[in-house]
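Asks: Here it is, the structure, as structure tokens.
The values are calculated or read from the model by the stated rules, or taken from the named source; none is laboratory data. These figures come from a predicted structure and were not determined experimentally. Don't worry about glycine lacking a Cβ; one is built from the backbone with ideal geometry, like all the others, and counts go over all protein chains shown.
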Amino acid sequence: MFKKFIPHFSEESAIDLGTANSLVYVRGQGIVIQEPSVVAVNQKTGQILSIGAEAKKMVGRTPGYIVANRPLVQGVISDFEVTEQMLKYFIEKAHKKRFILGSRPRVIVGIPCGVTEVEKKAVIDATKNAGASEVFLIEQPMAAAIGARLPVQEAGGNFIVDIGGGTTEVAVISLGGIVISKSLRIAGDKLNEDIIQFAQEEYKLLIGERTAEEIKIRIGSAYPLISARNLKEKIQKEQISNGTNGTKEKKVIPMRGRNLITGLPEEILISDGDARRAMEKSIKQIISEIKNTIEETPPELLADVMNSGIYLAGGGSLLRKLDVLVSKETKIPTKIIEDPMTAMVRGAGMVLENLDQLKETLVETEYLEPPK
Ligand SMILES: Nc1ncnc2c1ncn2[C@@H]1O[C@H](COP(=O)(O)OP(=O)(O)OP(=O)(O)O)[C@@H](O)[C@H]1O
Ligand SMILES: [Mg+2]
């Protein structure tokens, strides 16, 4: 038995402290915060100017001394003080400062697989300093799998790939534990960087990160798009005949930036094919990470996975046709879980609400000691 039980307590929350987005789930209320993990800081004074959605609006638009930065890099805390301030802001907003009057919330925070003890301690300390009374940790793919209602506690194998902003986590879960996991520091944000680099190399055009992300979301895909006959897309597109195999769809959108040679603003049309070419190398690396995990999966569990399939979670899984490519490359059916960007925090919230059944899925920490 666990030494300490967590009593059912009203001020409890689950937090997905992501590289790109942070979410807070409050017990009994559901998701109350979903904001970018961005903090705007005045470098002259060190003062924090805004956090979350407000701060994201400032990215790339601020005068030089105001920097909008992300305190997490590749899923782990890189700026401790700023992370603490961001967490404090989210926790207070989520609990409407009620806990200040007395009870401080107990919090479950998602962490990437395979982080060091020092990195775990940084998450616990930052969350405690931000106002939590006790902090429990859960590995993000485990929480995402629970959020997707996969049977994580059964003897079968569950294969989950969480493609976030900073990391791609691949995990095989069985009997309430992670049997094998791999973490790759290539995910959605790297795809944005790839598009920035492509624009620069191919067109000598300097574009911002927000523009690159918009291109990825509006026309990006991992595999050629074959349109259904009646696809009603609003964005500008050209139809190109693709012989007898139906119609190959080409999406084109304008990309605005500054010409690096003339220094003047310029608009160039970018197609889905260009975007795919830009992101190809990184996507291949994500696919190889999945394949490497498959190779290391014990055969019995792999037999289960061949049946149940590969589940994709995280915002990066929304890249068009990524599921098709994963399925084609691995020969295993692949599905995107429902609402992939909120699955982690919903899963951690389910653990809060069903602690007696699910506490074995938490990571051992000072608060949660191993069974005797
Ligand atoms: N429709 C979409 N198509 C492609 N990518 C998308 C889409 N929507 C969001 N993304 C990408 O998903 C990423 C953010 O996903 P998510 O919120 O799951 O990451 P995170 O949890 O903050 O990061 P991490 O888990 O790595 O710490 C961003 O890179 C974003 O560009
Ligand atoms: Mg994440």
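Asks: From A144, A148, grab the single residue that is within 16 Å of ligand 2 (Cβ to nearest atom) and touching a Phe, Trp or Tyr at 6+ places or on another chain (Cβ under 7 Å).
Replies: Step by step, each of A144, A148 is checked, and only A148 is within 16 Å of ligand 2 (Cβ to nearest atom) and touching a Phe, Trp or Tyr at 6+ places or on another chain (Cβ under 7 Å).
Asks: Here are some residues: E213, E201, E209. Which one is out of contact with any strand residue (DSSP E or B) (no Cβ under 9 Å at 6 or more places or on another chain), at pLDDT 95 or above and farther than 18 Å from K251 by Cα?
Replies: E201
Asks: Let me ask something else. Scan the stretch 359-368 and give yes if some residue there is away from ligand 1 (no atom under 12 Å from the Cβ), in contact (Cβ under 8 Å) with a residue 60 or more places away in the chain, farther than 19 Å from L191 by Cβ and of a type in the set (S, T, N, Q), otherwise no. Can you show your working first?
Replies: Just the residues of the stretch 359-368 that are away from ligand 1 (no atom under 12 Å from the Cβ), to begin with: 359-368.
Of the ones still in play, those that are also in contact (Cβ under 8 Å) with a residue 60 or more places away in the chain are 359-363, 365-368.
Pick out the ones that are also farther than 19 Å from L191 by Cβ and you get 359-363, 365-368.
Imposing the further condition that a residue be of a type in the set (S, T, N, Q) reduces the set to 361, 365.
So far as the stretch 359-368 goes, yes, one or more of its residues are away from ligand 1 (no atom under 12 Å from the Cβ), in contact (Cβ under 8 Å) with a residue 60 or more places away in the chain, farther than 19 Å from L191 by Cβ and of a type in the set (S, T, N, Q).
Asks: Turning to a different aspect of this structure: Inside the stretch 267-304, can you point out the residues that are touching a Lys or Arg at 6+ places or on another chain (Cβ under 7 Å) and closer than 16 Å to L206 by Cβ?
Replies: Hit for the stretch 267-304 is E267, nothing else.
Asks: Quick check, is E139 farther than 20 Å from G316 by Cβ and among the acidic types (D, E)?
Replies: Here the answer is no, as E139 does not meet what is asked.
Asks: Which residues, taken from the stretch 216-245, are at pLDDT below 90 and charged (D, E, K, R)?
Replies: R229, K232, E233, K234, K237, E238
Asks: Can you name the condition, by its number, that L260 falls short on among (1) out of contact with any Leu (no Cβ under 7 Å at 6 or more places or on another chain); (2) more than 16 Å from ligand 1 (Cβ to nearest atom); (3) at pLDDT 95 or above; (4) not charged (D, E, K, R)?
Replies: (1)
Asks: From the list S103, S181, S174, pick out the single residue that is under 23 Å from S317 (Cβ atoms), away from ligand 2 (no atom under 16 Å from the Cβ) and among the hydroxyl-bearing types (S, T, Y). Give the steps one after another, and end with the answer.
Replies: Numbers: S103 fails: under 23 Å from S317 (Cβ atoms); S181 fails: away from ligand 2 (no atom under 16 Å from the Cβ).
Answer to the check: S174.
Asks: All but one of (1) farther than 23 Å from E84 by Cα; (2) more than 16 Å from ligand 1 (Cβ to nearest atom); (3) surrounded by fewer than 24 Cβ atoms within 10 Å (Cβ to Cβ) hold for S103; state the number of the condition that does not hold.
Replies: Condition not satisfied by S103: (1).
Asks: Do we find that L302 is under 18 Å from the mean Cα position of the chain (by Cα) and not hydroxyl-bearing (S, T, Y) in this structure?
Replies: Details: under 18 Å from the mean Cα position of the chain (by Cα): no; not hydroxyl-bearing (S, T, Y): yes.
In short, no.
Asks: Continuing with the same structure: May I ask you to say which residue of I332, I310 is β-branched (V, I, T), over 30 Å from Q34 (Cα atoms) and more than 11 Å from ligand 1 (Cβ to nearest atom)?
Replies: On the way: I310 fails: over 30 Å from Q34 (Cα atoms).
Only one candidate passes the filter, namely I332.
Asks: Going through the stretch 60-76 one residue at a time, which ones are within 25 Å of T127 (Cα to Cα) and more than 15 Å from ligand 2 (Cβ to nearest atom)?
Replies: V67, A68, N69
Asks: May I pose another question? Collect the residues in the stretch 270-307 that are away from ligand 1 (no atom under 16 Å from the Cβ), among the small types (G, A, S) and more than 16 Å from V161 (Cβ to Cβ), keeping them in residue-number order.
Replies: Selection gives S271, G273, A303.
Asks: Tell me whether the stretch 78-85 contains one or more residues that are small (G, A, S) and away from ligand 2 (no atom under 14 Å from the Cβ).
Replies: Start the filter on the stretch 78-85 by keeping residues that are small (G, A, S), which leaves 78.
Narrowing further to those that are away from ligand 2 (no atom under 14 Å from the Cβ): 78.
Within the stretch 78-85, one or more residues are small (G, A, S) and away from ligand 2 (no atom under 14 Å from the Cβ).
Asks: Among the candidates E134, E139, E119, which residue alone is out of contact with any Asp or Glu (no Cβ under 7 Å at 6 or more places or on another chain), surrounded by 24 or more Cβ atoms within 10 Å (Cβ to Cβ) and not hydrophobic (A, V, I, L, M, F, W, C)? Break it down into steps so the answer makes sense when it comes.
Replies: On the way: E134 fails: surrounded by 24 or more Cβ atoms within 10 Å (Cβ to Cβ); E119 fails: surrounded by 24 or more Cβ atoms within 10 Å (Cβ to Cβ).
None of the other options fit; the residue is E139.
Asks: Given the condition at pLDDT below 95 and over 30 Å from V172 (Cα atoms), answer yes or no: does some residue in the stretch 10-21 qualify?
Replies: Within the stretch 10-21 (the criterion being at pLDDT below 95 and over 30 Å from V172 (Cα atoms)), the answer is yes, since at least one residue qualifies.
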